[in-house]
Each structure stands twice: as structure tokens, then as C-alpha cells.
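The values are calculated or read from the model by the stated rules, or taken from the named source; none is laboratory data. In this text, all values refer to a predicted model and were calculated from it rather than measured experimentally. Note that each Cβ is placed from the backbone with ideal geometry, even for glycine, and that neighbours are counted across all protein chains shown.
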Amino acid sequence: MKFGIEKEDDRQLIQTRNKIQKGSSKRAPVRLDGVEKAKSSDNDTGILLKDPFLSASHYWPFEDIKENLLSADIVTGHNAIFLNGSTVSEDHTSKLTYATTDVPGSSIILGDFNGTCFSDPGKCILGGLTLSFWINLDRERIREDQDAYIFSGGGQSKESRGFGFLFFHGDYVFVLSIAAKQWKMTIPESKVKTGKWENIVFVWEKSGNLTYYANGEKIMSIKGNDAKRPNDKYTLITIGKPNNADSREYMYPLKIRCIGFWDKALKSDQVKDIYIALKDESKKRRLSKKFLVEKLRRRSVKGIR
């Protein structure tokens, strides 16, 4: 059974990258240098304890969409690009907003992360990374024998590095690859909810394990194995499709919100804080775009550039 997709139309990749360059904001990224206090102990979580997403490298709340195409990463100011019918919707009961790829053939591109920690995790200068998101998966929309991608950053391909999260022949798989090692976690279908919102977090440590959390609780952890990934060819990060193919065969229709990336491995109590911060509507509002942007402005006098 072959894992991963190794083929792509390079002309299509160039066209997609051109779209990203046109759709991205020209505003310089907001830097959070100096925000977190030095940790006095392993139990001191610093600024993250009060405002989980203020220390994130990237954060897409998916609260709105401009011109039916763009939704901002409110940390850096750059835009995710919505393609072929993907959009931002609102839950009529909870009033929470989310991105959706329910339309067949639709997907979302978070950006081109070439040369960064999130495309090539071996470049994470703090020795790890963390991915957090709330997701609602409808398992009945895909076949038992299908390869259907939720997140793709290149880790699924032998020609690239990065990470990938997909449904693969009856199980869920999260894979993360660096130049000389790979962490490949097989998650039983029973460990991922269907038809309900769930907070999923993956924490990776270069010198240690890859760990999977659901709703703030640790589910499983694995060690890496030797592998050879000399190139990092596919550097887009996509939602609902692999980043190196456009066939509907590999697409997973889904609903997703509140995506956060950290260029470090968060601790278990910090992962719990992320879940608690967004598990109900009132906390969701507190971490809205308006709230976070205002917090960043207030801290600008204290050394944030």
C-alpha cells in the first residue's frame, strides 16, 4: 500500500504560488519578540496562560472572508486563499464562524511557507512546533479505501519535508518529515470524532516525540524513525487537499476554525489552555480578531514590532 502522492503539474504549482503572492497582504508581519517572560520554572507558562494565541506564529480565526477569496492570519497580516467554493460560514446555533470545504473540489491555501519552520521543521530554531485547530469531520463523505487530506504541508511526499494529516485506508495518519527523520503516527478512526467539533493539537519535538492531543487531553505519542528527505519541493500548506495534487479523489470535505501554529513545542498545560480558551462561545469572542489586534497594539510600546 503506497503512502503519499509523488506527482504534480509544476505549471499548476507556479500558478497557485502567483495567486498567493497577489492575495497576500503587503503589511509587514507583526512580531512578538520579547512578549513572553523568561520561564522561572517548568510550570511557568508566561503570557500564554492568559492569551494563548498571542504567542502564536500564525493564527487564522476564520471570522470573515473578503471578496469570497481571502481570510487573514491576524498575527502576520497575510491571507489564506479560498478556492473553488470554499468559504466562511456561521453555525446558526452557536453563532461561531468556520471555514468549510463542503463544496466538491474546494480547498484552502494557508500560504507558501518555503524556507520556514512549518514547511521544513528541521529549521525550527526552538527545536519543535505545535499545530492547533478546531475541526468537524464528516466521515460519511469519504470512502473506507480513500486517501483524503485534511492538512498538507509536504510531509506526505518523499520529495519534500513538512507535515500532513489525512484519512488513509481506514485510519487517520499524521506524518512529519525532516531531512533525515520521519514521525508517522497512525490514529485509529475511533480516536477522531465525526460530526462534532473537536480541538486537535499536534506537538512535535525534534529531539523527542510527536504527540497527539484531543480536547486538551493527551491521546498518544510516538518516536521518529530514520528517513531520507533531501529536498523540500512542496512548500504550500493546504486544507482539504494535498499540496501536490488537485484530484477530488484526495480531498476531504470539512469544517475548520481557529488554526494556530507555534514555532516551538508547547507543554501539556499550555495545550490545555488552548482548548479551554476556545471551548465556548464567550471565550471565542474574547479571542476574536478585534480583541487580539487591540492587544497587540497595546503591547507595541513594550517592544513588539
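Observations on the model:
- Test: residue in region 280-289 that is at pLDDT below 90 and within 17 Å of L110 (Cβ to Cβ): yes
- From the options D171, D138, D120, residue that is touching a helix residue (DSSP H, G or I) at 6+ places or on another chain (Cβ under 7 Å) and under 30 Å from D273 (Cβ atoms): D171
- Any hit, region 213-225, residues being in contact (Cβ under 8 Å) with a residue 40 or more places away in the chain and farther than 30 Å from I276 by Cβ: yes
- Test result for L176, free of Cβ contacts under 8 Å to residues at least 40 places away in the same chain and of a type in the set (A, V, I, L, M, F, W, C): no
- Options N114, N68; residue that is surrounded by fewer than 16 Cβ atoms within 10 Å (Cβ to Cβ), of a type in the set (S, T, N, Q), in a loop (DSSP other than H, G, I, E, B) and out of contact with any strand residue (DSSP E or B) (no Cβ under 8 Å at 6 or more places or on another chain): N114
- Residue selected from region 83-106 under the condition within 24 Å of W262 (Cβ to Cβ) and hydrophobic (A, V, I, L, M, F, W, C), by the criterion modelled with the lowest pLDDT: L96
- Positions within region 47-100 being among the hydroxyl-bearing types (S, T, Y), closer than 16 Å to L236 by Cβ and more than 17 Å from the chain's Cα centre (by Cα), in sequence order: none
- Count - residues of region 227-249 that are in contact (Cβ under 8 Å) with a residue 12 or more places away in the chain and either among the small types (G, A, S) or touching a Lys or Arg at 6+ places or on another chain (Cβ under 6 Å) (or both): 5
- Taking the criterion of being out of contact with any Gly (no Cβ under 6 Å at 6 or more places or on another chain) and of a type in the set (G, A, S), the residues of region 140-179 that qualify are A148, G170.
- Those residues of region 212-229 which are among the acidic types (D, E) and under 19 Å from the mean Cα position of the chain (by Cα), in sequence order: E217
- Top-ranked residue in region 89-111 [being over 21 Å from N243 (Cα atoms) and among the β-branched types (V, I, T); ranked as surrounded by the most Cβ atoms within 10 Å (Cβ to Cβ)]: T97
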